[in-house]
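Presented below is the structure to which this report refers.
The values are calculated or read from the model by the stated rules, or taken from the named source; none is laboratory data. What you are looking at is a predicted structure, and each value in this text was computed from that prediction instead of being measured. No Cβ is skipped: glycine too gets one built from the backbone with ideal geometry, and neighbour counts run over all protein chains shown. Note: accessible area is taken over every heavy atom of the protein model, side chains too, but ligands, DNA and RNA are not part of it. Shrake-Rupley method; radii C 1.70, N 1.55, O 1.52, S 1.80 Å.
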Amino acid sequence: MPESSRRQTAAAMIVLGGHTIGTAVAIAARRAGYRVVVCDGVDPPWSRRGQSFTNAWYLGNAEVDGEAAQFCASVKSIPSVLERRNLVAATTWSWQGVAAALAARVLVDTRADGERAMLRDVAPEGLLTVGVGRVDPGVHVHIAAGGVGADDGIRTVAAGSAGRFPTARRIGDRVLAGETVGAIGNASVMAPCSGVLLGLSARGARLAAGQTVVEVDPAGCPARCFQPDARSRATAERVIADLVAVAPPDRDFRRR
């Protein structure tokens with residue numbers, strides 16, 4: 001079967017969350033043969049934009065580890081994006097709308113534990129739900145996968161209040177401890193230590209109080225800012241390996 005035909009008939013997977021873990025899962029899934037759609041909110045605040053597809057929501061496209069994501073404002077544009085080689089679709093469309101339009105077979109929730117809903121109960125028949133992190137299989141989702149821990153040595157700054165984030169800095173920039181890298185309202189956001197900006201919320205990102213806005217790597221290696229972190233990659237590979245066994249991308253299945 002021609003590759004284009006295989007892509008059109010491959011199982012569709014929805015990933016909730018366009019941050020580092022969601023991006024790693026999307027990349028591993030696409031390479032395993034799934035058609036992948038990543039759903040996230042408007043102006044996502046995720047700071048590690050060099051390691052995630054977050055910029056697709058701001059710039060229209062993003063590339064990580066040789067894989068590209070393209071933003072789709074309408075669910076109608078998603079199928080044509082998925083048929084192109086190496087493309088993941090990114091959208092603010094609801095996962096329910098995407099699932100219905102594509103007859104998706106798998107839904108992977110990579111969001112923070114506090115955001116997780118009882119996906120197992122609300123998912124339509126035939127949609128296998130997977131939760132990454134602390135989650136109860138058989139209660140919240142059908143399958144639970146382990147999460148990832150924090151990176152040792154990375155220093156972070158959380159938003160002290162809600163608001164937009166203006167900044168002129170970029171991922172990979174070198175900063176000094178106490179240097180201003182942006183602001184939220186009238187409050188300056190300063191680097192917590194010297195190093196390179198591993199994470200920086202996008203200019204204009206809509207932040208809630210407590211969300212991470214800046215991450216500094218004291219090791220000072222700019223190249224690390226644009227490579228998927230090892231823990232997210234390992235989690236993604238484990239998730240996809242488990243999924244391929246019960247919901248392979250190249251044939252239909254029935255949920256048990």
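Given G185, G210, G178, which one is open to solvent by 60 Å² or more (accessible area, probe 1.4 Å) and without any contact (Cβ under 8 Å) to a residue 60 or more places away in the chain?
Answer to the selection: G185.
For the stretch 30-37, check the following and say yes or no: at least one residue is over 20 Å from L127 (Cβ atoms) and touching a residue at least 24 places away in the same chain (Cβ under 8 Å).
Scanning the stretch 30-37 turns up at least one residue that is over 20 Å from L127 (Cβ atoms) and touching a residue at least 24 places away in the same chain (Cβ under 8 Å).
With the condition being of a type in the set (D, E) and within 20 Å of A159 (Cβ to Cβ), I'd like the strands (runs of 3 or more DSSP E) fully within the stretch 173-256 carrying at least 3 qualifying residues.
Where strands (runs of 3 or more DSSP E) fall fully within the stretch 173-256, none carries at least 3 residues being of a type in the set (D, E) and within 20 Å of A159 (Cβ to Cβ).
Of all residues in the stretch 108-132, count the ones that are at pLDDT 80 or above, open to solvent by less than 50 Å² (accessible area, probe 1.4 Å) and either in contact with a strand residue (DSSP E or B) (Cβ under 7 Å, 6 or more places away or on another chain) or among the hydroxyl-bearing types (S, T, Y) (or both).
11
What number of residues within the stretch 140-172 satisfy the criterion of being surrounded by 19 or more Cβ atoms within 10 Å (Cβ to Cβ), part of a loop (DSSP other than H, G, I, E, B) and at pLDDT 95 or above?
Final tally of qualifying residues: 3.
So which helices (runs of 4 or more DSSP H) are wholly in the stretch 1-86 and hold at least 1 residues that are modelled with pLDDT of 95 or more and open to solvent by less than 10 Å² (accessible area, probe 1.4 Å)?
Hits in the stretch 1-86: 20-32, 55-59, 78-82.
Of all residues in the stretch 188-207, which are over 13 Å from R49 (Cβ atoms) and surrounded by fewer than 20 Cβ atoms within 10 Å (Cβ to Cβ)?
Within the stretch 188-207, S188, M190, P192, C193, S194, R206 qualify.
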